[in-house]
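Input: a single structure, listed below in structure tokens.
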Amino acid sequence: MSKQELALIKLGHGGVSGHVANAHATITMYDTRLAPYYERLIEGGYAIDITMIPDDVLVPASLNGPLLDTTLADGEVDACPMPSEVLVAGLGGAFLGLAALKVARPGWGGLDSVSLSAYVAYWRGKGASVGQRKGGVIVWDDGHVEPFVTM
């Protein structure tokens, strides 16, 4: 992979996740900072910080929110299929709960995969801080411009 391979980096309470551009791949960095990973963003890629979202919003947003698929075109959705009875019977723990929710509420989109722009819009709507790479800086929604050094 090149230095600039990530379409999105997201800081959550468990660390930083990086979503590879145009691929079905995610990497995890056990870190509490976004800045060391800015240079790995592709031009126009996003940095998202969800750590300031209150828990009463963050927990349901995480469980009910979409998954990111960086291969999808803008606005495209890859809906999660209805799990079969055989699949549900073989699941346990949180996976069983999510499958049961999908069965009970077929329109529920918590396991649907969405495009990068839809994913960013979802988290922005929940109160995340969102920045976008423009050259050697991250431009945040609040107007703050954060320069970074590329190696």
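Compared with the dominant principal axis of the Cα atoms in the chain, helix 93-104 is inclined by about 70°. Summing Lys and Arg as +1 and Asp and Glu as -1 over all other residues whose Cβ lies under 14 Å from the Cβ of Ser129 gives a net charge of 0.
Divide the volume of the convex hull around the Cα atoms of region 1-78 by the residue count and you get 104 Å³ per residue. Positive-end ranking of Leu87, Gly18, Leu68 along the dipole of region 6-93, with charges on Cβ about the Cα centre, is headed by Gly18. For the chain, adding -39500 (n - 2.57) for each run of n ≥ 4 DSSP H residues and dividing by the number of residues yields -7500 deg cm²/dmol at 222 nm.
Computed across region 110-151, the Kirkwood hydrodynamic radius from all distinct Cα-Cα pairs reaches 11.7 Å. Annotated for the chain: lysine pairs at least 8 residues apart or interchain, Cα distance under 23 Å, count 4. Restricting the chymotrypsin sites (Phe, Trp or Tyr not before Pro) of region 1-71 to loop positions (DSSP other than H, G, I, E, B) with no more than 15 neighbouring Cβ atoms within 10 Å leaves Tyr30. How much of the DSSP beta bridge set in the chain is antiparallel, as a percent to the nearest 5? So the antiparallel bridges amount to about 75 percent of the total.
We did not get these values from a lab; they are worked out from the coordinates using the rules stated. Predicted, not measured: the structure shown is a model, and the values here were computed from it. For neighbour counting, all protein chains shown are included, and Cβ atoms are generated from backbone atoms with ideal geometry for every residue, glycine included.
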